[in-house]
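**Student:** Sending over a structure as structure tokens; questions will come in a sec.
The values are calculated or read from the model by the stated rules, or taken from the named source; none is laboratory data. The shown structure was predicted, so the numbers you read here are calculated from the model rather than taken from an experiment. Reconstructed Cβ throughout: ideal geometry from the backbone, glycine too, with neighbour counts over all protein chains shown. With ligands, DNA and RNA removed, areas are computed over all heavy atoms of the protein, side chains included. Shrake-Rupley method; radii C 1.70, N 1.55, O 1.52, S 1.80 Å.
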Amino acid sequence: VQLQASGGGLVPAGGSLRLSCAASGRISSFNTVGWYRQAPGKQRELVIGITRDGSTNYADSVKGRFTISRDNVKNTWDLQMNSLEPKDTAVYYCHARPFILGPNYWGQGTLVTVSS
């Protein structure tokens with residue numbers, strides 16, 4: 001499975017941005033799809049994920065600001081980011097895990113920069 005992320009860019013603090021990820025295969029049976037991010041000098045961390053049944057898992061830092069949507073027909077999922085803060089600056093990676101125990105698939109990463 002190949003993942004292609006898009007939609008990153010530069011946005012002022014308080015602004016919004018939408019990231020999209022497209023998978024080369026069908027995702028309808030995938031256990032989890034979502035987004036991770038990695039800021040300079042920090043480890044990659046989960047931002048948000050959504051399971052096959054629609055359950056979501058958020059990092060505390062993005063609750064109330066970020067949402068995820070999943071389209072099992074188009075084999076895509078989007079990350080809507082609102083009220084962006086400079087601390088959200090990072091490379092964002094889309095992620096897919098077909099089964100509970102893996103494997104893990106990653107997109108190429110897209111840079112999001114939030115200016116203060």
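**Student:** Go through 19, 46, 111 for me and flag whichever is open to solvent by 10 Å² or more (accessible area, probe 1.4 Å), touching a residue at least 60 places away in the same chain (Cβ under 8 Å), touching a strand residue (DSSP E or B) at 6+ places or on another chain (Cβ under 9 Å) and in a strand (DSSP E or B).
**Tutor:** 111
**Student:** From the residues in region 74-102 that are part of a loop (DSSP other than H, G, I, E, B) and modelled with pLDDT of 95 or more, which one is least open to solvent (accessible area, probe 1.4 Å)? It would help to see each step written out before you state the result.
**Tutor:** Narrowing region 74-102 to residues part of a loop (DSSP other than H, G, I, E, B): 74-75, 82-85, 89, 98-102.
Imposing the further condition that a residue be modelled with pLDDT of 95 or more reduces the set to 74-75, 82-85, 89.
On the way: 74: 147, 75: 27, 82: 57, 83: 63, 84: 3, 85: 63, 89: 37 Å².
Here the residue is 84.
**Student:** Just to be sure, is residue 9 modelled with pLDDT of 95 or more, open to solvent by 40 Å² or more (accessible area, probe 1.4 Å) and of a type in the set (Gly, Ala, Ser)?
**Tutor:** Taking the combined requirement at face value, the residue does not satisfy it.
**Student:** Say we look at region 32-54 and pick out the residues that are touching an Asp or Glu at 6+ places or on another chain (Cβ under 8 Å) and not aromatic (Phe, Trp, Tyr); which of these is nearest to residue 80 (Cα to Cα)?
**Tutor:** Filtering first and then ranking leaves 37.
**Student:** Then there is this: Out of all the residues in region 61-73, which are in a strand (DSSP E or B), open to solvent by 30 Å² or more (accessible area, probe 1.4 Å) and more than 14 Å from residue 31 (Cα to Cα)?
**Tutor:** Residues of region 61-73 that are in a strand (DSSP E or B), as a first pass: 66-71.
Filter again for open to solvent by 30 Å² or more (accessible area, probe 1.4 Å), leaving 67, 69-71.
Within region 61-73, 67, 69 meet the criteria.
**Student:** Please enumerate the residues belonging to region 32-41 that are surrounded by fewer than 16 Cβ atoms within 10 Å (Cβ to Cβ) and under 24 Å from residue 103 (Cβ atoms). Talk me through it step by step, then tell me what you get.
**Tutor:** Of all residues in region 32-41, those surrounded by fewer than 16 Cβ atoms within 10 Å (Cβ to Cβ) come to 38-41.
Across region 32-41, the qualifying residue is only 38.
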